[in-house]
């Protein structure tokens, strides 16, 4: 899909210069950003799979490892709460 954006000329010029230094185009950067905003990218899928493997019992670090109360409530114990 093609879209048209209204962006200040100087902003695009500075962005293009910075992105060229890392081997990217403005188009690539905007595409990646929109994919991140939309979610569901390959990175997120890989992270979710890794989490499921680690917590499913197949990825336990030790055979005698068990959940502790602190592990189960780790996020609730952080202060300040989000």
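The values are calculated or read from the model by the stated rules, or taken from the named source; none is laboratory data. Note that the coordinates shown come from a computational prediction; the quantities given were computed from them, not determined experimentally. Backbone-built Cβ (ideal geometry, glycine too); neighbour counts: all protein chains shown.
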Out of the helices (runs of 4 or more DSSP H) lying entirely within the range 37-82, which hold 2 or more residues that are modelled with pLDDT under 75 and either on the phi < 0 side of the Ramachandran plot or surrounded by fewer than 10 Cβ atoms within 10 Å (Cβ to Cβ) (or both)? 42-55, 74-77
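In this structure, does residue 16 turn out to be surrounded by 10 or more Cβ atoms within 10 Å (Cβ to Cβ), assigned to a helix (DSSP H, G or I) and either in contact with a helix residue (DSSP H, G or I) (Cβ under 9 Å, 6 or more places away or on another chain) or in contact (Cβ under 8 Å) with a residue 24 or more places away in the chain (or both)? Walk me through how you get there before you give the answer.
Details: surrounded by 10 or more Cβ atoms within 10 Å (Cβ to Cβ): yes; assigned to a helix (DSSP H, G or I): yes; either in contact with a helix residue (DSSP H, G or I) (Cβ under 9 Å, 6 or more places away or on another chain) or in contact (Cβ under 8 Å) with a residue 24 or more places away in the chain (or both): yes.
In short, yes.
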